[in-house]
């Protein structure tokens, strides 16, 4: 059976979305929690062989995408006051090897980290919900680079080509929050224009307007203080163009950080064959 991207989507990662961390505060992000549960159930329902997750908080190399080399991926929420809340999965060497080869053909590089790194919260929050939904299969966690948007699109295409070359059904999760500067008194300095970043991303995903995201003003990204843009661009490279299965499941920003849950690819709702984003 031919390999393919059977699911791709975007998930936020505030630790407070984990009930053992958030406590009563989770009521303020109930829409995100409900959407993440739907997202995770839909991902598992596509019956992937593996999950590839891109996290802004995984180790970053300026010129190479990174992935962990240890056989087991593990993390806990002790940094956020919940040491007994843990996630753990088997690392997927087969898809990593396929991504290394496909990335090389796309003119980008994926390198395996030589030392052990526990999972970061950018990976753990979405994986917490995938585990809750019943996912027990292997996972590969990717850190992005400081390179151009085109490099991140190319790496997304490499993930797609790795799925095809390996004959694996691959689900892709782009972990990332939107603007961190939406609110006076929020975790970062307020910027009165930051909300435009979130509005443009949410609108473009909802309408399937990939070029609007790829061409988004870098100065606006800087003012917004976002962390998820490059994860999203990688997922768009995986999803191809035009988007057909896209759906924004939720968006909210009660604490000054924008949280969006969205689906880009869902094999169970697909009706037409898509083409990949070109190199041009």
Quiz item: For the range 52-66, how many residues are outside any loop (DSSP other than H, G, I, E, B) and farther than 17 Å from residue 176 by Cβ?
Solution: 0
Self-check item: Matching entry among 75, 122 (being touching a strand residue (DSSP E or B) at 6+ places or on another chain (Cβ under 8 Å), part of a strand (DSSP E or B) and either modelled with pLDDT of 95 or more or more than 19 Å from residue 166 (Cβ to Cβ) (or both))
Solution: 75
Quiz item: Looking only at the range 92-109, which residues are farther than 22 Å from residue 150 by Cβ and surrounded by fewer than 20 Cβ atoms within 10 Å (Cβ to Cβ)?
Solution: 93, 94, 97
Self-check item: the range 185-205 - residue that is modelled with pLDDT of 95 or more and over 21 Å from residue 261 (Cα atoms) and, of those, surrounded by the most Cβ atoms within 10 Å (Cβ to Cβ)
Solution: 191
Exercise. For the range 134-157, enumerate the residues that are in contact with a strand residue (DSSP E or B) (Cβ under 9 Å, 6 or more places away or on another chain), closer than 19 Å to residue 48 by Cβ and either surrounded by fewer than 24 Cβ atoms within 10 Å (Cβ to Cβ) or free of Cβ contacts under 8 Å to residues at least 60 places away in the same chain (or both).
Key: 135, 136, 137, 138
Quiz item: Which ones in the range 81-113 are within 25 Å of residue 20 (Cβ to Cβ) and either in contact (Cβ under 8 Å) with a residue 12 or more places away in the chain or part of a loop (DSSP other than H, G, I, E, B) (or both)?
Solution: 81, 82, 84, 85, 86, 87, 88, 89, 90, 91
Quiz item: So which residues in the range 112-148 are touching a helix residue (DSSP H, G or I) at 6+ places or on another chain (Cβ under 8 Å) and more than 18 Å from residue 172 (Cα to Cα), if there are any at all?
Solution: 112
Quiz item: Looking at 226, 222, which is the one that is in contact with a helix residue (DSSP H, G or I) (Cβ under 7 Å, 6 or more places away or on another chain), at pLDDT 95 or above and within 23 Å of residue 65 (Cβ to Cβ)?
Solution: 226
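The values are calculated or read from the model by the stated rules, or taken from the named source; none is laboratory data. Everything numeric in this text was worked out from a predicted model, so none of it was measured. Quick reminder, even Gly has a Cβ in these numbers, built from the backbone with ideal geometry, and neighbours come from all protein chains shown.
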